[in-house]
Amino acid sequence: MLIWTPDTVLFQRDAAQYGSYHKTLAAHLAAYLPPDAHVCDAGCGLGYLACALAPYCKRVTAVDSDTLALAVLREDTPKNVEVCEGDMFTLSPTERYDAMIFCFFAAMDDTLLLAKKHCRGKVIVVKRGWTQHRFSPQDESVRRDACEEAEQYLRTRGIPFLHETLTLDMGQPFRSREDAVRFFAAYGNASVDFSDVEARLVKTGNAVFPYYLPQEKPLGIFIFDAKEIP
């Protein structure tokens, strides 16, 4: 689970604004959404996916419990995106959503609990398609809550679903060498020097972001109907 700090907000914000990850993902997910839908982005974080979904939806409710993350979303919110600060497990919307999206949020048992309670249509779950820590200087397994685990859980519960994979670029730009070191400390939980990570970086020639960490992000996407949840 990502813990929002000033550093993680800065890095995620820079990555989102540097690339097109969220716009590309939103365009892909929109194909599964009903027309004129009221969609909930559960655990929206900084809200970039919710904002990218806005052109495809009648209304988007972006929910998160973290004040620091939502402050970024509130700086520039599309008119049809409602920001809701609170715990998904205790909130009580006045009506069920037409669709819900769970992007790296909640384990599958909690996802099904929330979707059954709050959704009347499509449920879209995005899980990590990688099993090794992406930003650790050493090899480190991160199998928890990955695609294989989610797929097995849905099969065990007997829920019909569509499963597809999608690989998108979401690398990390850096404003300085110092930022690169802080990034690996924040995400890799390791003490590093610039010399430890320099070989993984690309010099961009960009005055604002002179260094870039290329990174493909493989995703597993699961689509099913809330009414199929037992």
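Results, tabulated for the structure shown:
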quantity	calculated
Subset of the stretch 146-162 that is in contact with a helix residue (DSSP H, G or I) (Cβ under 8 Å, 6 or more places away or on another chain) and either touching a residue at least 60 places away in the same chain (Cβ under 8 Å) or part of a loop (DSSP other than H, G, I, E, B) (or both) - its residue that is farthest from LYS227 (Cα to Cα)	ALA150
Yes/no for TYR18 being open to solvent by 10 Å² or more (accessible area, probe 1.4 Å), in contact with a Phe, Trp or Tyr (Cβ under 8 Å, 6 or more places away or on another chain), closer than 24 Å to ASP169 by Cα and aromatic (Phe, Trp, Tyr)	yes
Qualifying residues in the stretch 182-200 (those that are free of Cβ contacts under 8 Å to residues at least 40 places away in the same chain and over 23 Å from the mean Cα position of the chain (by Cα)) - the one most open to solvent (accessible area, probe 1.4 Å)	SER191
Hits in the stretch 48-90 (condition: over 19 Å from TRP4 (Cβ atoms), aliphatic (A, V, I, L, M) and either out of contact with any strand residue (DSSP E or B) (no Cβ under 7 Å at 6 or more places or on another chain) or surrounded by fewer than 16 Cβ atoms within 10 Å (Cβ to Cβ) (or both))	ALA52
Breaking point among (1) more than 25 Å from LYS116 (Cβ to Cβ); (2) assigned to a strand (DSSP E or B); (3) among the β-branched types (Val, Ile, Thr), for VAL63	(1)
Residue check, ALA37 free of Cβ contacts under 8 Å to residues at least 40 places away in the same chain, over 22 Å from GLN215 (Cβ atoms) and in contact with a strand residue (DSSP E or B) (Cβ under 7 Å, 6 or more places away or on another chain)	no
Selection from the stretch 191-202 of residues that are in contact with a Pro (Cβ under 8 Å, 6 or more places away or on another chain) and either within 11 Å of ARG177 (Cβ to Cβ) or part of a loop (DSSP other than H, G, I, E, B) (or both)	VAL192, VAL197
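The values are calculated or read from the model by the stated rules, or taken from the named source; none is laboratory data. Note that this is a predicted model, so its numbers are computed, not measured. Every residue, glycine among them, receives a Cβ derived from its backbone with ideal geometry; neighbour counts consider all protein chains shown. Side chains included, ligands, DNA and RNA excluded: accessible areas come from the protein's heavy atoms. Shrake-Rupley method; radii C 1.70, N 1.55, O 1.52, S 1.80 Å.
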